[in-house]
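Visitor: Take this structure, written in structure tokens, and hold onto it; I'll ask about it next.
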Amino acid sequence: MKDDLRRDPRKEWIARNRLHPDHQRVLAELGRGAASAEWLGPNGLTRRDPHAVGFIGPSGLKRIDRSGTQQAATASDTRQRGAAVDARKWIDIETPAFVVAVVPDMSAGRLSSQDRDVLGLARRLADADPQRPGAVLAVLFGEHKEDSLGEAGIDRLLHLDDDAFAGYTPEARLAALLAVERQWAPRYWLLPDSALGGADLGRRLAARLGERPATGVWQLNADAGNGGWQCLARGAAGTSDIQRPLPRVVLALAECAEPVYEARHAARPVELAQKLPETLSRIRDMGAVAVDPAGVSLAEAEFILSAGNGVKNWEGYHRAAEVLQATKGASRVAVDDGFMPRDRQVGATGTWVTARVYVAVGISGAIQHLQGIQSCDKVVAINSDGGCDMVKRADLAVLGDASQILEALVALVEQYRQQQQESRDAA
Ligand SMILES: Cc1cc2nc3c(=O)[nH]c(=O)nc-3n(C[C@H](O)[C@H](O)[C@H](O)COP(=O)(O)OP(=O)(O)OC[C@H]3O[C@@H](n4cnc5c(N)ncnc54)[C@H](O)[C@@H]3O)c2cc1C
């Protein structure tokens, strides 16, 4: 009995579904990471994974590294991860040999998936020599709601939540980063190369440090020749890859590295030794401008309510999108049937979206649609079929008739807003 193999059907489904965000983690847990193209199946027969060669690049295309460098690096990473998953190690680096500084975007006060990938990249750099590990120092601006900073691979945490850093304040933030540079002299600076975050700050930092940054970085390889690192970065408007030695300032894309899963790091709070000088700002943040979510392009939308063939009450769907202040999206069937305009189509032949929350209403989850939402942080499925692929892909599924669920959701949101208004009026 004790030798019986216990199967977890959900994990096995994720292991088969290369588009699932937890795919790599689950492969590692099942001992089927890139390291092993073979494993023992539940019936005792050896199973082979023909997809184990190569990896998915930032554009969603499969890439095969014929030099073998990436495969070897990934294999050893995955082996280490596989071994550590069960142990869930607690890591506190007392005297780091050097510091790798990371400035996450913390959009909406939380680590984005790109932030986590960049922290994963930082860990690869910090942990390259186990005898002389470095520390990952994260610099966070403004208030945040994140409670898993150590789990994301952070050893030292510099949290600067002064009012001076609120809103769009690149000059004040740059002054703080220069103070970090003086105090810790990081060996590397890593920022997400994201349009509304690190891309701007990272380029400013590189200019002030007199460094030529690597931008659009999506892969890191150990340079066997001189013991350093080589990076691959998107260039020529995303049409080609540029390989170069890794510079000090790195602006990295989503999927540049595996996020940290296997360990909890100390995330020890640290402070700047000296008070920051007052910066004379030539930029004034006039505050956020309310925009019509319907006018936001799908590629930039943070919150998308997408409609498919399962939507029968179109009036109810449009009303829900307005009340929830969501950007509207659609499956190809909804577009082909004339219910939604062509520029709202999500998927392989529509727009690839990167929303923080993607709600799929009456969408079955065809592979062409799933390709377009693979970079979304959280997917919610509203569907009457609990076995459809969208429900399997979703982080949260609500099963039932779409019209009734949207109606109930609208009622709840309106009730919540009314209560908020009443308590504001009473105060
Ligand atoms: C070359 C090619 C490119 C393509 N590109 C794209 C693309 O970019 N984007 C795209 O979306 N598709 C694309 N497609 C089409 C894709 O294959 C699917 O046909 C399409 O995504 C299905 O759309 P759907 O999920 O809305 O419809 P369906 O597959 O018909 O699914 C409807 C869903 O609604 C649910 N449902 C039904 N009634 C209700 C109800 N009352 N309440 C709640 N749920 C309900 C059903 O359970 C089902 O899951 C492409 C196809 C090809 C061949």
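Visitor: Kirkwood Rh, the range 269-346, all Cα pairs: how many Å?
Guide: 15.6 Å
Visitor: Right, another one. For the peptides 127-138, 371-382, what is the packing order when you average, over each peptide's residues, the other Cβ atoms within 10 Å and list the highest mean first?
Guide: Sorting 127-138, 371-382 by mean packing, highest first, produces 371-382, 127-138.
Visitor: Roughly what % of Cα-Cα distances in the range 90-270 sit above 25 Å, to the whole percent? Could the numbers behind the result be given before it?
Guide: Details: 4371 of 16290 pairs.
Roughly 27 percent, once rounded to a whole number.
Visitor: Per residue, how large is the accessible surface of the range 297-423? Use a 1.4 angstrom probe and give square angstrom.
Guide: Per-residue accessible area for the range 297-423 comes out at 49 Å².
Visitor: Under a 5 Å amide H to amide H cut-off, with H placed in plane at 1.01 Å, what residues pair with residue 241 once short-range neighbours are removed?
Guide: 235
Visitor: Now, a different point. Within 10 Å, count the other beta carbons around each residue, average over each peptide in 399-408, 342-351, and list them highest first.
Guide: 342-351, 399-408
Visitor: Along the Cα→Cβ direction, 7 angstrom out, place labels at residue 279 and residue 181. What is the inter-label distance in nm?
Guide: Calculated label separation equals 1.2 nm.
Visitor: Let me check I've understood the local charge: for residue 298, count other residues with C-beta under 15 angstrom from its C-beta, Lys and Arg +1, Asp and Glu -1. What total comes out?
Guide: Around residue 298, the charge tally is +1.
Visitor: Peptides 95-103, 272-280, 189-197: what's the order by average Cβ count within 10 Å, highest mean first?
Guide: 189-197, 95-103, 272-280
Visitor: Find how much the distance from residue 421 to residue 407 grows on full extension, using 0.36 nm per residue of separation minus their present alpha carbon separation; answer in nm with one decimal.
Guide: That works out to 2.9 nm of additional length.
Visitor: Further question on the same structure: Give a residue-ordered list of calculated ³J(HN,Hα) values for the range 370-375 (Karplus: 6.51 cos²θ - 1.76 cosθ + 1.60, θ = phi - 60°; whole Hz; x for Gly, Pro).
Guide: After applying 6.51 cos²θ - 1.76 cosθ + 1.60, I find 4, 4, x, 10, 5, 9 Hz.
Visitor: State, in angstrom, two size descriptors of the range 335-383 derived from its alpha carbons: Rg to one decimal place and Dmax to the nearest whole number.
Guide: 10.4, 29
Visitor: Pull up all non-local amide H partners of residue 397: gap of 5 or more, or a different chain, and H-to-H distance under 5 Å with H placed in the peptide plane.
Guide: Long-range HN contacts for residue 397: 381.
Visitor: Using all Cα-Cα distances in the range 201-326, what percent lands in each 5 angstrom bin from 0 up to the longest?
Guide: Taking all Cα pairs of the range 201-326, the binned fractions are 2, 7, 9, 10, 12, 13, 13, 14, 10, 6, 4, 1, 0 percent.
Visitor: Carbon and sulfur: what percent of the range 297-423's accessible surface (1.4 Å probe)?
Guide: 51 percent
Visitor: A follow-up question, please. ³J(HN,Hα) across the range 208-216 via Karplus (A = 6.51, B = -1.76, C = 1.60, θ = phi - 60°), whole Hz, x for Gly/Pro?
Guide: With the stated coefficients, the range 208-216 comes to 5, 7, x, 9, 9, x, 9, 10, x Hz.
Visitor: OK, next. Summarise the accessible area of the range 115-176 (1.4 Å probe, protein heavy atoms) by the percent that is carbon and sulfur.
Guide: Of all accessible area on the range 115-176, carbon and sulfur atoms account for 45 percent.
Visitor: Right, another one. Would you please give the residues with an amide H less than 5 Å from that of residue 378, counting only those at least 5 places away or on a separate chain, with H modeled from the backbone geometry?
Guide: 357, 358
Visitor: Calculate, axis by axis, the spread of Cα positions in the range 297-423 along the three principal axes, and write the results as whole Å, longest axis first.
Guide: 46, 30, 28
Visitor: Let me ask something else about it. FRET efficiency for residue 239 and residue 209, Cβ-Cβ distance as r, R0 = 22 Å, nearest 0.05?
Guide: After rounding to 0.05, the efficiency reads 0.15.
Visitor: Taking R0 as 51 Å, what FRET efficiency do you get between residue 272 and residue 314 from their Cβ-Cβ distance, rounded to the nearest 0.05? Don't skip to the end; give the middle numbers.
Guide: Values: r = 55 Å, r/R0 = 1.08.
That pair, residue 272 with residue 314, gives E of 0.40.
Visitor: With every protein chain kept in place and ligands, DNA and RNA left out, what is the accessible area per residue of the range 182-259? Probe 1.4 Å, answer in Å².
Guide: Here the residues of the range 182-259 average 46 Å² of exposed surface.
The values are calculated or read from the model by the stated rules, or taken from the named source; none is laboratory data. The structure presented is a predicted model; accordingly, all values stated were derived computationally and were not measured. With ideal geometry, Cβ positions are generated from the backbone for all residues, glycine too; neighbour counts draw on all protein chains shown. Ligands, DNA and RNA are stripped out before the accessible areas are found, and what is left, the full protein with its side chains, is counted by its heavy atoms. Shrake-Rupley method; radii C 1.70, N 1.55, O 1.52, S 1.80 Å.
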